[in-house]
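**Student:** I am attaching a structure below and will ask some questions about it afterwards.
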Amino acid sequence: MVDPALVLKGQTIAYTCYCIVILLVMGWFALKITRGTSGVVKPGLFYTFVGFLIVLGVSLHIITYNTIPWSPVDLHRGNYTPDKTFEISIAKHEFRLPSEKLLVDCNDLVLFDVTTEDLTYGFGLFREDNSMLFQMQVVPGHRNDILWKFNSPGTYTIRSTEYSGPAGIHMVVKNAVEVRGCN
C-alpha cells in the first residue's frame, strides 16, 4: 500500500491548484461584471469556462481515485485473506487487546476486528509523530473491522477517535502495534 501521507500531499497539491483556477475564474468574472456594460462576459465564454472546470474536476477525481491505498482492499474484500487477525474489544472506555503488543511483519495484511457492547467508540492507529494512519468508527451490534497492509516499519499508538464522553480522552494505548522486518 502507498503511504497515506504521500497520497495526502499529492492530493493537496492537485486540489489546491484546482481551487486556485476556480478562484481566478471567479475573480475574472467578477471583474468583468463590475466594469459595466462594456465588460459583460459573453455567455459562450462563461459556459466554456464552466465546462472546462467540470471536466477538470471530474478528471481530477478519476485520476486520484486509484491513489487511495485502501480502496482496492475495500472494493475486493472477498478476494483477500488476512495474514494476521487481531480481535480487540472495547468496554467502559478501555481497549482490550489480545496481547500487550501486537506484532506485525512487514507487508502483512492485518485484519483489526473491533467490537464494543456499550458505546460508540473510535479505533485509530497513529504514527510516532502523532499523524493518523487510519481510523474507523466502532458501533455496538455491527461488524467493525478494517484490513490494512503495513509496508513500513514503525511503532503505532491506538487511540479512540470518537467522542464517547469525558473518559474517552484517556483511551490511548501507546506503542501498541509494532511493524518490523521492512527494509
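**Student:** With part of a loop (DSSP other than H, G, I, E, B) and either of a type in the set (F, W, Y) or modelled with pLDDT under 90 (or both) as the only criterion, which of S99, S164 stands out? Steps first, answer last, please.
**Tutor:** Values: S99 fails: either of a type in the set (F, W, Y) or modelled with pLDDT under 90 (or both).
Within the list S99, S164, the selection yields S164.
**Student:** Can you find a residue in region 78-97 that is surrounded by fewer than 17 Cβ atoms within 10 Å (Cβ to Cβ) and among the aromatic types (F, W, Y)?
**Tutor:** yes
**Student:** Next question, about the same structure. Restricting attention to region 129-147, report how many residues are of a type in the set (D, E) and either closer than 16 Å to E117 by Cα or in contact (Cβ under 8 Å) with a residue 24 or more places away in the chain (or both).
**Tutor:** 1
The values are calculated or read from the model by the stated rules, or taken from the named source; none is laboratory data. In this text, all values refer to a predicted model and were calculated from it rather than measured experimentally. For neighbour counting, all protein chains shown are included, and Cβ atoms are generated from backbone atoms with ideal geometry for every residue, glycine included.
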